[in-house]
Amino acid sequence: MTPSIVSRTHTLLALPLATIAMLVPGCTHHAQNGSPTSGDDRAARSETVLTKLLNGDQPGCTAAVGRNGDVVWTGTHGVADLATGAPITPGTVMDIGSTSKQFTASAVLLLANRHKLSLTEPVSKYVPGLPAWAESVTISQLIHHQSGIPDYIALLQDDGVSLDSRATQAQAVRRLATVRSLTFKPGSTYEYSNSNYLLLAEIVAATSGMPLPQFLKTEVFEPLGLKMAMEPVAKIPGKAISYESGPSGFTVADSAWEQVGDGGIQTTPSELVRWADNYRTGRVGGQQLLTAQLADAVESDEPGSPYGAGIGLLTDGGLEHSGSWAGFRTNLRISDDRKTSLAVSCNSGAAAGDAVMEQLWRIWS
């Protein structure tokens, strides 16, 4: 694969693997029971968006709309596996990259609300072996990308570790232990770094006694009935192949990196919009979690869009986070009243995922 630096970006053991196989096999586009007035018209317009923006013979996208916790529409267009010609379906699983960060942040906030940790405590209290700078970086600064810790992904790739070479969680933490100084004084500014959420995963494990994937399974996925797994390298039935595009066409963009926290969740847009309803209901965490997710939002590098606990705030009061890993791209958006959500996942950056998101949002919001 191309050795360019790849990140889990923001614009970005769990359930048994068999449970996240093909969720709705055989369907391409459909409105589901419980769709709002004019749902059929919206579904037809949405199908037109997909067919106009995506090539059905190439890697493509899958999308879902949620309304008050119900999946009211799903649509797909494109190929999940070019070698077999298998199409993308509503049940096709993809790696959601940094869209995972809101789950990691929520895990930390749940532990804080149970008095297992304090957001003002230093990283050094829970992650041993880091340099002296870990004494001046707080958990809250990790959540809000105000730590000044350089991105471990770039550090490992600068060391020659390619995405198709195995790289473990412990290896990434050890690499951070070699960082002599921070890029800025903690708390003084915002700079997105995947290292922050890698370390949050370590803190969840230290305070809960469970690895982050297991904590999320027990405390979030199972209570909400979500078919999700934070397992980035697992062979999951129904998972799409991710691709990069180049002059000679599409090539497989595979990753053997095992890190979690900054990314790692494997799921579908339908499950993401079901999760999104927790921002309305607080079924997990209650009002205490909902308040904490946005309470300390800081100005980000996107003017007018502060960054909360793993989620961005939009100028209209909505919420959004995107993610990318290898060739996968995902975006989740939630309306200001928290009643409507839209998730789009694609298995190539060449697919017009951003345009699909914007046009579908205009239809359903």
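Derivation of every value follows stated rules applied to the coordinates shown; laboratory data play no part. This is a predicted model, so every value here is computed, not measured. Cβ atoms come from the backbone with ideal geometry, glycine included; neighbour counts cover every protein chain shown.
Length gained on full extension, Ser181 to Val298, computed as 0.36 nm times the residue gap minus the Cα-Cα distance: 39.8 nm.
Dipole magnitude for the range 58-364: computed about the Cα centre from +1 point charges on Lys and Arg Cβ and -1 point charges on Asp and Glu Cβ, it is near 680 debye. Taking 0.36 nm per residue of separation and subtracting the current Cα-Cα distance, fully stretching the chain between Asp57 and Ser124 would add 19.1 nm.
As a quick test, which of the pairs Lys101/Lys227; Lys116/Lys217; Lys101/Lys239; Lys116/Lys339; Lys116/Lys235 have an alpha carbon distance above 23 angstrom in this structure? Beyond 23 Å between Cα atoms: Lys116/Lys339; Lys116/Lys235. The candidate values were (i) 58, 47, 39; (ii) 62, 49, 45; (iii) 106, 38, 36; the one computed from these coordinates for Cα extents along the principal axes in Å carries the label (i).
Taken along the Cα-to-beta-carbon direction at a fixed 7 Å, the label points for Ala132 and Val252 span 4.8 nm. For the peptides 313-323, 160-170, 262-272, 74-84, residues were scored by their other Cβ atoms within 10 Å and the scores averaged per peptide; the highest-first order is 262-272, 74-84, 313-323, 160-170. Using the average count of surrounding beta-carbon atoms within 10 Å as a protection proxy, the listed peptides 143-150, 206-213 rank, highest first, as 143-150, 206-213.
Put the Cα centre of the range 195-236 next to the Cα centre of the range 146-171 and the gap is 20 Å.
Could you compute the FRET efficiency for Asp316 and Ser188, with r as their C-beta to C-beta distance and R0 at 30 Å, rounded to 0.05? So the FRET efficiency works out to roughly 0.55.
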